[in-house]
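Following: one structure in structure tokens, then a few remarks.
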Ligand SMILES: [Cu+2]
């Protein structure tokens, strides 16, 4: 009778250990969440909304840029980007090389 109880305990401890392993494997699943940053850029030399649309079109093609809004009314470009893929310098270089001027960043 004692042997049977011992065997049951051993069998149970195997089951529990097996369960523990499964749980720890599941908790190791890593969430791949992208941390986007926002850059506010004051853009000079825009003369109409078409300029703003042109900048928007060019910058949005850069790898790492999630979205961009350019307003002629406020002379502001607001860029949402992945800092692991692109530096803010890339936006300003592109804007400056397109005939406009980045006045400041935020
Ligand atoms: Cu224009």
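Between residue 106 and residue 48, the contour length at 0.36 nm per residue exceeds the Cα-Cα span by 18.6 nm.
The distance between label points at residue 82 and residue 96 comes to 2.6 nm (points 7 Å beyond Cα on the Cα→Cβ vector).
Shape analysis of the range 37-105 places it in the prolate category; the axes a ≥ b ≥ c from the Cα gyration tensor give an a/c of at least 1.5, with a/b above b/c.
Extending 7 Å from Cα along the Cβ direction at residue 69 and again at residue 40 yields two label points whose distance is 1.2 nm.
Read-outs throughout are calculated quantities, based only on the coordinates presented, and are distinct from any laboratory measurement. Owing to the predicted nature of the structure, the values given are computational and were not obtained by experimental measurement. Glycine gets a Cβ as well: all are built from the backbone with ideal geometry, and neighbour counts include every protein chain shown.
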